[in-house]
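Below you'll find the structure, written out as structure tokens, and then a few comments.
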Amino acid sequence: MCRLVAITSNEYLNPMEAVLALETMHEGHDGSGMGLLLKNLGGEFSDLKDYPILSGICSNEGLRAIDQFMWDAGFRIKHEWRPVLKPVADIRRRDHYFAKVYEYPDDYKERPFPEKEDLLLRTRLALRIMGEDDQSTIVFSFYPDVLAIKEVGDPLRLSEFFGLNDSRLKSKIVFAQGRQNTNYDINLYACHPFFIQGFASMTNGENTAFVPIKEYLMSRGVPGYVGYNSDSEVFAHILHFTVRQLGYPLLYYKDIITPLTPSEMEGRLDREALLLLKSSLRPLCIDGPNMVIGFTPDGACFMVHDSKKLRPGSVGGMKGRVALVSEECGLDSAIPDRDRSLDIFPMKYDMVIVSPRAEEVRVWNQRYGWTTTIS
Amino acid sequence: MESTVRLDHNHQLTVRDFPYIVKWREDRCKRCGRCTAVCPTFAIEPSIALQREIRSEGIMPEPRVSRKIVTIVRQSTDIDRYCTGCGACTLVCPNEAIEPEYNPQHKFLFHKNKGGHPYTRGGRRNDPNPSALDHLKFTRISMLTDPALDAGRHEFRIRTYLGRIPSPTELPLKVENGRLEINRAVSRFAPPVREIYPVMIGSMSIGALSPTMWEGLAMGITYLNEVEKMPVVMATGEGGIPPRLLKSRFIKYFILQIASGYFGWDEIVRAIPRMVDDPCAIEIKYGQGAKPGDGGLLMANKVVRLIAEIRGVPQGIDLPSPPTHQTKYSIEEAVAKMIQSMAMAWGFRVPVFPKISGTRTAKAVLNNLLRNPYAAALSIDGEEGGTGAAYNVSMDKMGHPIASNIRDCYLDLVRQGKQNELPLIASGGIGKRGNVAANAAALFMLGASAVTIGKYVMQAAAGCFGDEMNRCDVCNIGKCPRGITTQEPRLYRRLDPDKVAERVVEVFKTIDVELRKIFAPLGRSTELPIGMSDALCADDAAIAERLQIGYVC
């Protein structure tokens, strides 16, 4: 079972804070990898918020191929960040780790953002396919104001390897996952957090309904619903499908993955719609054991559980700084001076939503509605 | 000089030619006559034999020959009076003096065509080998990487949908104040969808079944719905249902079948204005897995007064339904019209779906139905389904196994992204070896949304003698020794409908527990594991490859 830490704040954070919180849950991950996803970037990226950032890893040949491909596609490089790598035992260094900021191709500069998003998705998929056979290029995200770092190894050693402590890398949202590898072969594409067009999620636990969910998503005709090296990747895509493709409010993500029974829907004003959703989106129902932490393009973060709460998860903090973690000890590390009485341990019907910039924390219960805990 | 006893018995059969040889023990028999009275085919009869006895009484051997006439039970060697192996004789014998024994060297099929009439019978495919479903096992068990669910303590909800399910992009929804609401401005056909238990009782008509059997099934499912809160439904088969039931609130637990003979539909159509509730669904039968290419058949001896009245036909005549609907011209046109007409009859409030026999052309049917928004499901009946009457050759040598048929159709739906839109209903051979829940669960994982069972219920709830060794299989002649498939009061009074109902309830409660036991370690509790093929493996490599699942050994 993986360990998860998400910190959302109204101030810029060093990703190290999330890594140290992960470290408190060390017995829950085996050092088989770490994924970091940063949103609302600061530092050298603060003035580049409108430009897409390509995050990934590549070999020397892969680098040449990426540059050529991007040039041919009309993207022009505007800025590049590279970690200052330090040799660390047990971490096998690859040729290049990068986050490249691009200008859109000329014919896309004036287009609406959804069209730009589709271009970015298609480009990322093309780059992924390009390096799939020989692992010469591995790309995690290509989107404005989002940066991803993933590598195999122990999270603490990896942060030393990437020099995160001294890095100027900062963001207002940090998602970090310490992997507990469930497969012998480690594939970086299987490493959470997963990201698609502004939506991200990371999950612990086994997705028992992976095959029918994957088959359903792959047959939606959405280009980005591919890969699935991890059974948890579908959680990010269900989120994207629910909110972006279908246009439903975020709360319905919970209603789709853990639908109420018809009798439980009785008290809901939208029960007629819920009944239709329950049948129409039946293949997207999960049965756990899973806890999902995610964010949406506006910077709201959330936590939900499977319908039996078979995985732990807690949320706590204060106005302006809130953490969503898989174990409470992570909270103690991330926000030690919070009011613990306000900590939330969401149950099976709950969805905890932290508004952008951690202004407010609200718990939405599928059956009984809203409760505000921090504002 | 020629012997007075002819030794030339050519053109006669011996009991060795018959599939079952009656083993009668003279020493245990008290000659009560129950066995011969109960035999449905008169395969055994009371008879006499001349016995020669040599006795010696006294100190010195003084053998004396005496002859006496004794009464015996004799097995007939008339091919029309063959022993079916039903074992009704064994059942009624007070002294365990008689039982039929299977004869693997029999030559029954060489001879059972007297008068040029091929062998007809009831029952199922006579193939005792395990079906493909019985080669499947559930191999993905959550244990240490993740906790398994507890079948006894966790909440489980085993339900499915019957009806055309719109894709999410077709739902008439709008967002109002951050909430989804029905967009009433969109005038789009909203297909009726029922939430039911995923194991149903398949179509068995009120003419094929005895009144007591049918009543027992109907009471059983009503109890399951009203007391146990398990929405189990039952299909009627062709031939209508009693008018009082049509006009009762219990009609919602029944799927009415219309087949090519349209028997019973005068009464149904006339009752529509006075119905207080809608039926669960309408099944249009285009084919039956046990006898592909044949229509329904109710023999004259079963068309008694009650049946004749319900079906709207004269008494005592054969009722063969045509092999196809006479109005059927093409699936694109006539079938579509029939589905739409049936939907229209109930104001589009009732799901209407066709049932076909398993066939290599099932995908063509499926794809046509996908284009018909009124088609609520596709029911496919595999070759191991049962029937009340059919030609032996149809039952044994025609048809398509259900497992690969369902899998092909499901994967075709997946390819088109419509796997949740048109539910697939599987039947034919589920529970063949008693593993009804396991077979059903395997079919869900192969892609079925629901399954129907028929023979299993008859065997489990009413003690049907039939099996895959041609045991009994006389449903067609109206002489069912259990009283299940007969219209003779003398026979059907043997069956207590209350006991049948009790057993139906027990059977479904057992299925429910066993399904939980299967689903729990696989981590499925709130929705059916439809298409969860990674949880399923076959112990036969060819089956695994064909079904696109794992192979284990």
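Are any residues in the stretch B:376-413 more than 30 Å from B:LEU297 (Cα to Cα) and either away from every other protein chain (no Cβ under 14 Å) or surrounded by fewer than 20 Cβ atoms within 10 Å (Cβ to Cβ) (or both), and if so, which ones? Within the stretch B:376-413, B:ASP408, B:LEU411, B:ASP412 meet the criteria. Within the stretch B:421-440, being within 14 Å of chain A (Cβ to nearest Cβ), touching a residue at least 60 places away in the same chain (Cβ under 8 Å) and surrounded by 24 or more Cβ atoms within 10 Å (Cβ to Cβ) holds for one residue alone: B:PRO423.
Is it true that some residue in the stretch B:52-60 is within 26 Å of B:CYS83 (Cβ to Cβ), modelled with pLDDT of 90 or more and surrounded by 10 or more Cβ atoms within 10 Å (Cβ to Cβ)? No, the stretch B:52-60 has no match at all. Residues that are of a type in the set (S, T, N, Q) and within 30 Å of B:GLY478 (Cβ to Cβ) within the stretch B:312-350 comprise B:GLN315, B:SER321, B:THR324, B:GLN326, listed in sequence order. Buried (at least 22 other Cβ atoms within 10 Å of the Cβ), within 17 Å of the chain's Cα centre (by Cα), among the charged types (D, E, K, R) and more than 9 Å from chain B (Cβ to nearest Cβ) - does that describe any residue in the stretch A:246-258? Yes, some residue in the stretch A:246-258 is buried (at least 22 other Cβ atoms within 10 Å of the Cβ), within 17 Å of the chain's Cα centre (by Cα), among the charged types (D, E, K, R) and more than 9 Å from chain B (Cβ to nearest Cβ).
Which residues, taken from the stretch A:56-93, are within 24 Å of the chain's Cα centre (by Cα) and without any contact (Cβ under 8 Å) to a residue 40 or more places away in the chain? Hits for the stretch A:56-93 are A:HIS79, A:GLU80, A:ARG82.
As for the stretch A:194-212, it holds at least one residue that is at pLDDT 95 or above, within 14 Å of another protein chain (Cβ to nearest Cβ), out of contact with any Ser or Thr (no Cβ under 7 Å at 6 or more places or on another chain) and surrounded by 22 or more Cβ atoms within 10 Å (Cβ to Cβ).
Of all the criteria given as (1) out of contact with any Ser or Thr (no Cβ under 9 Å at 6 or more places or on another chain); (2) among the polar types (S, T, N, Q); (3) not in a helix (DSSP H, G or I), the one not satisfied by B:THR90 is (3).
Is one or more of the residues making up the stretch A:99-119 touching a residue at least 12 places away in the same chain (Cβ under 8 Å) and in contact with a Ser or Thr (Cβ under 6 Å, 6 or more places away or on another chain)? Checking the stretch A:99-119: at least one residue is touching a residue at least 12 places away in the same chain (Cβ under 8 Å) and in contact with a Ser or Thr (Cβ under 6 Å, 6 or more places away or on another chain). Which of the residues spanning the stretch B:140-149 are farther than 20 Å from A:TYR216 by Cβ, more than 7 Å from chain A (Cβ to nearest Cβ) and either in contact (Cβ under 8 Å) with a residue 40 or more places away in the chain or in contact with a Gly (Cβ under 8 Å, 6 or more places away or on another chain) (or both)? Within the stretch B:140-149, B:ILE141, B:MET143, B:ALA148, B:LEU149 qualify. Taking the listed residues B:GLY178, B:GLY152, the one that is away from chain A (no Cβ under 12 Å), closer than 29 Å to A:MET291 by Cβ, surrounded by fewer than 13 Cβ atoms within 10 Å (Cβ to Cβ) and not basic (Lys, Arg) is B:GLY152, with no other qualifying.
With respect to the stated conditions, A:ASN365 fails to be in contact with a strand residue (DSSP E or B) (Cβ under 7 Å, 6 or more places away or on another chain), under 22 Å from A:SER201 (Cα atoms) and modelled with pLDDT under 95. Tell me, please, whether a residue that is surrounded by fewer than 20 Cβ atoms within 10 Å (Cβ to Cβ) and part of a helix (DSSP H, G or I) can be found in the stretch B:279-299. There is no residue in the stretch B:279-299 that is surrounded by fewer than 20 Cβ atoms within 10 Å (Cβ to Cβ) and part of a helix (DSSP H, G or I). Out of all the residues in the stretch B:160-173, is one or more within 14 Å of another protein chain (Cβ to nearest Cβ), farther than 30 Å from B:LEU306 by Cα, surrounded by fewer than 20 Cβ atoms within 10 Å (Cβ to Cβ) and basic (Lys, Arg)? No, the conditions are met nowhere in the stretch B:160-173.
The values are calculated or read from the model by the stated rules, or taken from the named source; none is laboratory data. Nothing here was measured: the structure is a model prediction, and the numbers come from that model. Don't worry about glycine lacking a Cβ; one is built from the backbone with ideal geometry, like all the others, and counts go over all protein chains shown.
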